[in-house]
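Step one of this worksheet: look at the structure below.
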Amino acid sequence: MSRADKVKAVVTPDVPQNAAIFAQDLNFVYNAKSNFAKQALSHIDLTVNKGEFVAIVGHTGSGKTTFVQHLNALIRVQSGYLNVLGADLSARKPDLKALRRQVGMVFQYPEYQLFADTVLEDVCFGLKNFGVDKDQREQMAQDALQLVGLDFDQIKSKSPFDLSGGEKRRVALAGVLAMKPQILVMDEPTAGLDPQGKAEVLSLVRSLNQQQGVTVLMVSHDMNEVYENADRVVVFRNGEVAFDMPPRQLFRNEAEIEAMNLEVPAMAAFCNELERHGVVLPDSCRTVDEVFAAVKALREVPNA
Amino acid sequence: MLRDVTFGQYYPGNSFVHRMDARIKLVLTLLFMVGIFFVQSFAVFGFVTVFLLAVIFISQVPLRSVLRSVKGIVVLLVLTAVLNVFFAKGATPAEQPLWSWWKIEIYANGLKQAAKIFLRLVYLVIGSSVLTLTTTPVDLTHAVESLLKPLRVIKFPVHEFALIMSLTLSFIPSLIEETDRIIRAQKARGADFDTGGLIKRAKAFVPILIPLLVGGFRRAEELANAMNSRCYEGATKRTCMRVMKLGWRDYVAAFVTVAFFAGIFVLYAMRGSWGGVTWLYF
């Protein structure tokens, strides 16, 4: 073993087989050399397995957006180790194109990034950049637009600026989904949508996750949607991971959640209250329908 | 990457310079900018350098932050200076060129002139960035409004002018932030701004410029609506929350600066009559 190999062996940790994202001791400082230096991430250890639906929550400025931007190298690793789908992002020159095609990133208010003359062109922008040929591009764009619930033939030659707010959001979403990413990172995908729009976006994300096995990371401020959709919740606080556990477990700690200025989801509060009265439902019951069914089932078996 | 834009960026602090009245700072900066054109020799540039360094030291703004504003346009400044080398003739008709080729002649005087022009431009930029680094955009706008007040006599819309200025200044950071966000969003979709020829690179900016323009108009409209819904009317008598008052700092700073530049004007006016003191006129 040469000297170089030895050094490398020390800094490269073992990445678990099933991990889509693996971060170890990840740190990031903004404006490192000035008086305004701010530690945005400190000692982040986090593993996200393939096919998981993970929600990232935390107060404004807790580092969650900084963290997710690391995932397709929009922010480069300053110190620590980060591996996304087998690519070592701490390396000096990772293959950015391949990485960005596999990690779809939906920013806050993605409709503000629309630019092309037609919807079709806009959805194809990413595909074109990644070198997909023309015929295939149109087919993939069609698939993506249908996936987000838009009528392809009707919308493809419209200007994206003539659409309604909800439609714009979906076109922007289709622009990312068209690339068929293996990891979907979303920064508040439902912000500013009406309740129905929110439900539609969430059910789309859920079906991508459950049917196509897409790994989903969702940053959100809405604890209700986090509670009902995520397999796991990661709470960021002052650039550190404060909690990392399944939603039911997390929101049992009502006092701690409120101490972090986060809200306890309505259904979690309801189930917590039931538990205080001795009625314990399975941890998997988190939506209104699931809880209703579970309570009903309990009643049908008296004094079980 | 866009966060490095220093021009017009306030460096928070509580120094002597920060606490001065913005109007005085503005007037003194203008005096400095005019005065610098009366500096004719390297020796006097030396005095100005000391003066400028003293002001920067008192303002407690790190020299690095001040110099960053020069970094952005250094190419332009060097180009201007280099062009001057080619166009300047000898100080006297008798002066021989140092180097000549075809119709191009370079004189020692040309090199001297170019160096002075470069210094003058650099000092202009540094002087104005000391102002913007130590004064918030809001204070600066108030200062402009207050100084332009006499123009009301000729029906010049002073308040509206100041409003346009403050809106422009307040839009700059938010537009920078938005540009940054759009760039990241398009990069995430595989956009590539760093490779390819000139035309390809220019084309790569379309996906940034269009959302930026659309966003700019959107913001402008939102702001106009917000102002309308609060019944904003510019022309009526408005008062300021913070009334600007001159303090001892302003008198001291004004006295020192005016005295310094009075000296420079004297040196300029008396050039030629101080034949013995040649080092002053190198």
Q) So for the pair A:Q211, A:D283, with labels modelled 7 Å out along Cα→Cβ, what separation do we get in nm? A) 2.9 nm
Q) Which value, in Å to one decimal place, does the Kirkwood hydrodynamic radius take for chain B when every pair of different Cα atoms is included? A) 22.7 Å
Q: Would you mind giving the three semi-axes, in whole Å and largest first, of the ellipsoid equivalent to segment A:265-304 according to its Cα gyration tensor?
A: 17, 12, 7
Q) Among all stretches of chain A without exposed trypsin sites (Lys or Arg not before Pro) (DSSP loop, at most 10 other Cβ atoms within 10 Å), which one is longest? A) A:93-304
Q. Nearest 0.05, what FRET efficiency do B:W99 and B:F38 give at R0 = 35 Å with Cβ-Cβ as r?
A. 0.70
Q.
Please report the equivalent ellipsoid semi-axes of segment A:3-264, computed as sqrt(5 x eigenvalue) of the Cα gyration tensor, largest first, in whole Å.
A. 31, 24, 17
Q | Tail beyond 34 Å, pair distance distribution of the protein assembly as shown (Cα, percent) | A | 59 percent
Q. Okay, helix-only estimate at 222 nm for chain A: each DSSP H run of n ≥ 4 adds -39500 (n - 2.57), divide by all residues, round to 500 deg cm²/dmol; what do you get?
A. -11500 deg cm²/dmol
Q: Taking just the C-alpha trace of segment B:168-244, give me its Rg and Dmax in Å.
A: 18.4, 56
(Q) Taking only the Cα atoms of segment A:62-103, how large is their convex hull per residue, in Å³? (A) 68 Å³
Q: Among DSSP beta bridges whose residues both lie in chain A, state the antiparallel percentage, nearest 5.
A: 55 percent
Q: Assuming R0 = 35 Å, can you tell me the calculated FRET efficiency for the pair B:K200 and B:S170, based on Cβ-Cβ distance, to the nearest 0.05?
A: 0.50
Q) Can you list, largest first and rounded to whole Å, the semi-axes you get for segment B:81-166 by taking the square root of 5 times each eigenvalue of its Cα gyration tensor? A) 45, 16, 10
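Every read-out reported here was derived from the displayed coordinates using simple, explicitly stated rules and does not represent laboratory data. Since the structure is predicted, the reported quantities are computational estimates derived from the model, not experimental observations. All Cβ positions, glycine included, derive from the backbone under ideal geometry; neighbour counts span all protein chains shown.
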